[in-house]
Amino acid sequence: SAPRIRDILGIGQTKLGYFLELQIKLLELREAHAESERQRLANLAILEGITDLMMVLDEDLRILSVNRVFEELFPGSHTGEYCYRLFRKADTPCPECPAFLSLRHNSINRESAIFQLKGGNLHFDMVASPLPHPSGNGRAVLMLKRDVTREKRLQAQIYQAGKMASIG
């Protein structure tokens, strides 16, 4: 039997309804993407505003990502490199390393250490915090290192001046 006009119009209306739904979904996706991009840029601005050296390490203590401060101190790409080789020139993780302890105990760890960098000794206060791996598989650790070399030198000078004053 030949199609009736009512059947043909029904198919057209169904296609038109589907097309309108598709346009609405596309608009919703564009708005969600724009919001996601705004959030990503805001997060990036926050991360770039941090003045501490920052890196994300995987479970083997390989560098996954770093911030601008890290890149200024260590020019070039260090992704995939072991942090203990970069900072300590060692072949194994340091037992007192806060990143190592953070991963082992799934806790936030703090430590101070002196590293030989840029032809001198730099004193860092460090904080390591466990987090999910960016790929979604496994764990990672966020490592923040604050250069407190200047503060430590000033403290030593003040202490020395105090000793000299008490002697004099």
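Any read-out appearing in this document is the output of simple, stated calculations on the displayed coordinates, not a laboratory observation. Every value quoted in this text rests on a predicted model; they were computed, and no experiment measured them. Note: ideal-geometry Cβ built from the backbone for every residue, glycine included; neighbour counts use all protein chains shown.
Checking each residue in the range 11-49 for being closer than 30 Å to SER65 by Cα and either charged (D, E, K, R) or touching a Ser or Thr at 6+ places or on another chain (Cβ under 9 Å) (or both) picks out ARG30, GLU31, GLU35, GLU37, ARG38, ARG40, GLU48. Of the residues making up the range 128-146, those that are of a type outside the set (D, E, K, R), in a strand (DSSP E or B) and out of contact with any Ser or Thr (no Cβ under 9 Å at 6 or more places or on another chain) are LEU131, PRO132, ALA140. Residue-level analysis places LEU144 among those that are crowded, with 16+ Cβ neighbours inside 10 Å and touching a residue at least 12 places away in the same chain (Cβ under 8 Å).
Residues that are under 19 Å from PRO134 (Cβ atoms), at least 2 per element: which helices (runs of 4 or more DSSP H) completely within the range 12-107 meet that? Of the helices (runs of 4 or more DSSP H) lying wholly inside the range 12-107, those with at least 2 residues that are under 19 Å from PRO134 (Cβ atoms) span 68-73, 98-105.
Do the conditions hold for ASP125, that is, is it assigned to a loop (DSSP other than H, G, I, E, B) and either of a type outside the set (Ser, Thr, Tyr) or touching a residue at least 60 places away in the same chain (Cβ under 8 Å) (or both)?
Working: assigned to a loop (DSSP other than H, G, I, E, B): no; either of a type outside the set (Ser, Thr, Tyr) or touching a residue at least 60 places away in the same chain (Cβ under 8 Å) (or both): yes.
No: the conditions fail for ASP125.
Scanning the range 114-152 for residues that are touching a Pro at 6+ places or on another chain (Cβ under 9 Å) and of a type in the set (A, V, I, L, M, F, W, C) gives MET126, VAL127, ALA128, ALA140, VAL141, LEU142, MET143.
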